[in-house]
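Asker: One structure follows; several queries about it will come next.
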Amino acid sequence: MESTESNGAPSCVEPILAVNDVLKTVQYWHDTLGFPDKWTWGEPPNHGGVSWNGVAIQFSHNHDLASVSKGNAIFIRSKKLEALYNFHQKKNVEIVDPLENKPWGMASYTVREINGYFVIFAGAPIPDRNEKSAELPSTVRVVSRWPTIKEYQHLASAVGWSAYLDEVVLQKLLAAPLFAIVAEDTVSNGVIGCALVLGDNASFYYIKDVIVDPAWQNKHVGTALMKALTHWLESNAANNALVGLITGETLTPFYQQFGFVPAYSMVRYIQRAVT
């Protein structure tokens, strides 16, 4: 199969919304919703658009289509969701669904713009400021040791990492870290979480496989693991060393509390044909 790169991979998607008044719509998205860049075409304008940090929306004058398109929705990700929500509140935007964490691992809120379209702004989960305790359950302890192959297999299986269940692969995987840590449930004597640190012990360290059994997630186990890893790095890592990790966007706030900041990176997987 020919690579999509050689065919010219798409770089962005720009929805086109049918509206009755292009100029009024562009001004609303610019002044009220906060999109800084705007443009129109025609006199009077029959097409236009707005953009903001790589997100672009176009508008086209089409009375018939606009009349039957009310209620359609678009989904926009934001890296500073709470700040945007506060801005929209100050602008008296019609918010039909307030900002809250959703069961699927994101936070979002929904506004109805002047043409009747719903705009869902979403991003990483917001911290629970009503949370009373950030302490581990009394039955959990964090221990500086490597997980056994069986313990790692259990955790990897619990979070759906089927590629990391082979014992031969795990022997190599668990022999590589400079440091490892596990969280244990003292009632069952089972391992409920782990985290590994790899590196050259000179200039670069990589945090890998921060895993928490789903039954123990949202109970500060991951926080305790990262606190222990951070303490070890600050005590043992070389001065001015770079520490990296790869994570999904929704976990950005979690790792930011330990001093990590988003940075551009590139990855490549080695995939050989199975014979």
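Asker: Which one, 184, 234, 43, has the greatest fluctuation when you compute a Gaussian network model over the chain with C-alpha springs under 10 angstrom?
Answerer: 43
Asker: If you put +1 on each Lys and Arg Cβ and -1 on each Asp and Glu Cβ, how big is the dipole of the chain around its Cα centre, in Debye rounded to 20?
Answerer: Roughly 380 debye for the chain.
Asker: Which whole-Hz couplings ³J(HN,Hα) result when phi for each residue of segment 264-269 is put into the Karplus expression 6.51 cos²θ - 1.76 cosθ + 1.60, θ = phi - 60°, listed in order with x for Gly and Pro?
Answerer: Computed from phi, the couplings for segment 264-269 are 6, 8, 10, 9, 8, 9 Hz.
Asker: What are the aspartates and glutamates whose alpha-carbon lies under 14 Å from the alpha-carbon of residue 79, with same-chain residues fewer than 8 places away excluded?
Answerer: By straight Cα distance, residue 79 reaches 249.
Asker: Quantify, in whole percent, the carbon and sulfur part of the accessible surface of the chain (1.4 Å probe; protein heavy atoms only).
Answerer: Roughly 52 percent, rounded to a whole number.
Asker: Taking the Cα centre of each part, how many Å lie between segment 178-250 and segment 3-62?
Answerer: Spelled out, the Cα-based centre of one part sits 43 Å from the other.
Asker: Still on this structure: Over segment 157-203, with a single point scatterer placed on each C-alpha, what log10 of the ratio I(q)/I(0) does the Debye formula yield at q = 0.18, 0.22, 0.27 1/Å?
Answerer: -0.73, -0.97, -1.11
Asker: What lysines does residue 24 reach when the alpha-carbon gap must be under 18 Å and sequence neighbours fewer than 8 apart in one chain are set aside?
Answerer: 38, 70, 91
Asker: Karplus couplings for segment 92-101 from phi (6.51 cos²θ - 1.76 cosθ + 1.60, θ = phi - 60°), rounded to Hz, Gly and Pro as x?
Answerer: 6, 5, 6, 9, 9, 9, x, 5, 6, 6
Asker: What does DSSP give for the chain in terms of the percent of beta bridges that are antiparallel, rounded to the nearest 5?
Answerer: Once the DSSP bridges in the chain are tallied, antiparallel ones form about 75 percent.
Asker: Can I ask one more? Which net charge results when you count Lys and Arg as +1 and Asp and Glu as -1 among the other residues whose beta-carbon is under 13 Å from that of residue 113?
Answerer: Summing Lys and Arg as +1 and Asp and Glu as -1 gives +1.
Asker: Probe of 1.4 angstrom, ligands and nucleic acids ignored: what's the accessible area per residue over the chain, in square angstrom?
Answerer: Counting only protein heavy atoms, the per-residue value for the chain is 63 Å².
Asker: Work out the length of the dipole vector of segment 121-245 about its Cα centre, built from +1 on the beta-carbon of each Lys and Arg and -1 on the beta-carbon of each Asp and Glu, and round it to the nearest 20 debye.
Answerer: For segment 121-245, the charge dipole is close to 140 debye.
Asker: So if I take the alpha carbon set of the chain, get Rg, then get Rh from the Kirkwood formula, what is the Rg over Rh ratio?
Answerer: A ratio of 1.07.
Asker: Restrict the search to segment 99-208; then list the trypsin sites (Lys or Arg not before Pro) that DSSP places in a loop and that have at most 15 other Cβ atoms within 10 Å of their Cβ.
Answerer: 129, 132, 145
Asker: Could you work out the relative contact order of the chain, using alpha carbon pairs under 8 angstrom and six or more residues apart, expressed as a whole percent?
Answerer: Relative contact order for the chain comes out at 12 percent.
Asker: Rounded, prolate or oblate: which fits segment 108-213 when a ≥ b ≥ c are the square roots of the eigenvalues of the alpha-carbon gyration tensor, with rounded for a/c under 1.5 and prolate only if a/b beats b/c?
Answerer: prolate
Asker: Using amide H atoms built 1.01 Å from N in the peptide plane, name the residues 5+ places from residue 206, or on other chains, whose amide H lies under 5 Å from its own.
Answerer: Excluding prolines and chain starts, which carry no amide H, the hits are 198, 199, 244.
The values are calculated or read from the model by the stated rules, or taken from the named source; none is laboratory data. Note that the structure is predicted; figures quoted are calculated from it, not measured. Counting neighbours? That spans all protein chains shown, and the Cβs are built from the backbone with ideal geometry, glycine included. The area values use the complete protein model at the heavy-atom level, side chains included, leaving out ligands, DNA and RNA. Shrake-Rupley method; radii C 1.70, N 1.55, O 1.52, S 1.80 Å.
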